[in-house]
Every structure is written in structure tokens, then in C-alpha cells.
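Below is one structure, written out as C-alpha cells, with a few remarks after it.
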Amino acid sequence: MDLTIVVTGFVGAAVAARPVRRRLSRVLPVEPDNPVHALALTLAVILFGGSVALVSFTDVLGADLSQPALNASDLIFSELPLLILALAGVGLFMRRDLRAAVVRLGFVRPTWWQPVLALAAAGAFIAAAQAMFGLGYALDPQLAHRVDASSQHVFGALSATALGIALLAVVPGLSEEILFRGALQPRLGLLATALLFTSTHTEYGLSFVTLEVLVLAIGLGLIRRYTNTTTSCVCHITYNLLVGIGIAGVMLDVAIGVEVVLIGISAYAVWDQRRSRTPAHP
């Protein structure tokens, strides 16, 4: 673990050097001479390396069980720093006023079809999560049971009430999207941001749930790239809400039918958008 932290320090120092950033700018959308981008890269390396060390060399699942269950104030105060980092990172009241910062973060009024796309994508992510959940129990039931027990312990108190479910859906859905998809992805790129986002979810350890988070992160990144942060927020919040309330029995059949309709509308809207942007041939 100490060696991983030492290596993280060296890598963090390396990306702070302008020659290294110039090479990184060939694969990442960073400006090598921008000190803000240099700081973002260094902090991203430190966060990723620290998370890798924690998950790889400590029993995070056991540690979660020894901690008290998450309550509303814990959730808010754990997510608030992400929002502060995002706003400070884009230079709110320093380089940008509030309007410019909101635009930089990708918060715009969505078109009619973008919330539909967000809802359809959330349903698809739920299906992927269920597949990963089943795969985890099939291949390593002991680990899957430990992850499930840890999640129930950490989030069980909040998920037992309607207000708690709403907070679990909205608070992370907003703060995480504003930081990762809104502030970081335009500078670090989709894949690097997705890996960084996944690394922050250390509560799942090295499990199939972590792979599920990575799939979700890539999907949200694609939504951000081709639409905006508003749409990725709607998708993330909806996904969290569906996980919190759960869908089974007759409601599952209804949900599948609604999902098919949403996917159909989204596909038509995307096709119509692409058609309208294609120049007519003489």
C-alpha cells in the first residue's frame, strides 16, 4: 500500500511538469500551459492512486460494516465537497460569473427528447446492473454477499424511507455529475473521467458492482458528450431512484414496456436530429 502511494506521488509530480502535460495533451483535451489544468491532473492522479491503494490493500467491505449507517447529514456533507470542487475548478466568481460557470459545466435547457433519452438510458443501466449482480453471485457468491451486506448496512437506514431514497437519488446524482461530467470530463476526457469516477466508489471493493459503476460512468459520459450535463443528471438521478425503490413483479413488466417505448422515442429523436444535420445533396 505504501509503495502504491509513493508511486502515486511520483506520477502526480510528473503530470505537474509542463513537458509531460504537453505529451498528455495529445490524448487528453488539456491545455499544457494552463495551471488550472495542471492542478486538476495532479489532484486526479492523487485521488485515483489513493483509491486504488485503499481498495487493493485494505478490507473496505469489512471497514464499512464497522462504521455507523449513513444518515441524511452524512450524505449531504460527503457530497458537498464535490460540488465545491466543481464550482471552484471552473473559476466561479474568479474567472467566470455564475452564468458563465453554469454554461461551462454544461447545464443548459434540454430539448424535448433529451430527458426521454435520459430515462431510457437509466432503464438500460438498471438492466446492466441486474446482469452484473447476477454474474457476481454466480461467479463469486461469497464476495457478492459481502458487497450486498455492506451496501445494506451503509445505505439501509436512508433507503428505508421515501425521503432517504429521494436524497440518495438527488444529492449524489447532482453533485457527482456536476464534478465529473460537468467540470472534469471536458478536460480529462471520457475514459479517464469514468475511471476516476469509478475509483471513488471504494465502498464496493474489487467486485462486479465496481464494474457496473464503470459501465454507468462510461454511459453517463457518452450522454454528457452528445447532449449536456443536464441530461446526464436526469439519467443519474433516475438510475439512483430506480435502484432505491426496486422494481419487481407486475411492475417489472410495466417497466419493460415503458422502457421499450422510451428507447423507441429516443432512437427516433436521435435519427431525426442526425437527418436534420445532414446536408442535402444537389
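Specify, per residue and in Å³, the volume enclosed by the convex hull of the alpha carbon atoms belonging to region 1-58.
Output value, Cα hull per residue: 68 Å³.
Which of Glu259, Glu212 has the fewest other C-beta atoms within 10 Å, and how do the rest follow up to the most?
Glu259, Glu212
What distance in nm lies between label points placed 7 Å from Cα along the C-beta direction at Leu241 and Ala138?
3.1 nm
Extending each Cα 7 Å along its Cβ direction at Ser73 and Ala100, get the distance between those two points in nm, one decimal.
Those two pseudo-labels are separated by 3.8 nm.
State the Cα centre-to-centre distance between region 53-88 and region 126-178 in whole Å.
Taking the Cα centre of region 126-178 as reference, the centre of region 53-88 is 14 Å away.
Dipole of region 70-277, Cα-centred, from +1 at each Lys and Arg C-beta and -1 at each Asp and Glu C-beta, to the nearest 20 debye?
Dipole about the Cα centre, nearest 20: 1080 debye.
Using helices alone, I'd like the mean residue ellipticity at 222 nm for the chain: each DSSP H run of four-plus residues gives -39500 (n - 2.57), total over residue count, nearest 500.
-25000 deg cm²/dmol
Hey, of [x] 7, 33, 41, 18, 1; [y] 6, 28, 38, 23, 4, 0; [z] 6, 24, 34, 24, 10, 2, 0, 0, which did the structure itself give for P(r) over Cα pairs in 10 Å bins from 0, in percent when calculated?
Comparing each candidate, only [z] matches the computed number.
Arrange His236, His153 by Cβ neighbour counts within 10 Å, fewest through most, would you?
His153, His236
For Arg224, Arg95, which order do you get if you count the other beta carbons within 10 Å of each Cβ and list the fewest first?
Arg95, Arg224
Taken together, the values in this text are just the output of simple stated rules run on the coordinates, not laboratory data. Note that the coordinates shown come from a computational prediction; the quantities given were computed from them, not determined experimentally. FYI the Cβ positions are ideal-geometry reconstructions off the backbone, even for glycines, and counts take in every protein chain you see.
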